[in-house]
Amino acid sequence: MPNQNDFRRLVSLRWSVSIAFSILMFSAYFGFILTVAFRKEWLATPVAGNIPLGLPLGLGMIALAWILTAAYVRWANQVYDKKVQTLKNQK
């Protein structure tokens, strides 16, 4: 029979990882939005020809969301799912 404390630790681990990834994404997103709101001139600085700095930063935000999602899915598949299966197999 699975130990209830093991289950609680697993749930706590999942929440910790989820919160960490969420904080990373929200920090980056709101940092970008605050930059757009208060430092427009900085985002308009050309970085390559006529490409303003805001364009690669905006694309970076999209890429960050994909990267964090992929990292979470990888963690869930390699760590979380194995621990869930171990708990399920305990009798």
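Descriptive notes on the structure:
- At least 30 Å along the helix axis (C-alpha) and Kyte average at least -0.5, DSSP helices within the chain: 4-38, 54-75
- Listed values (i) 1.25; (ii) 1.01; (iii) 0.91, entry calculated as Rg/Rh (Cα atoms, Kirkwood Rh): (i)
- For residue 13, the shell of other residues with beta-carbons less than 14 Å away shows a net charge of +3, using +1 for Lys and Arg and -1 for Asp and Glu.
Every number in this text was worked out from the coordinates using simple rules, so none of it is lab data. Because the structure is predicted, anything quoted here is derived from the model rather than measured. Because the Cβ atoms are built from the backbone with ideal geometry, glycine has one as well, and the counts that use them run over all protein chains shown.
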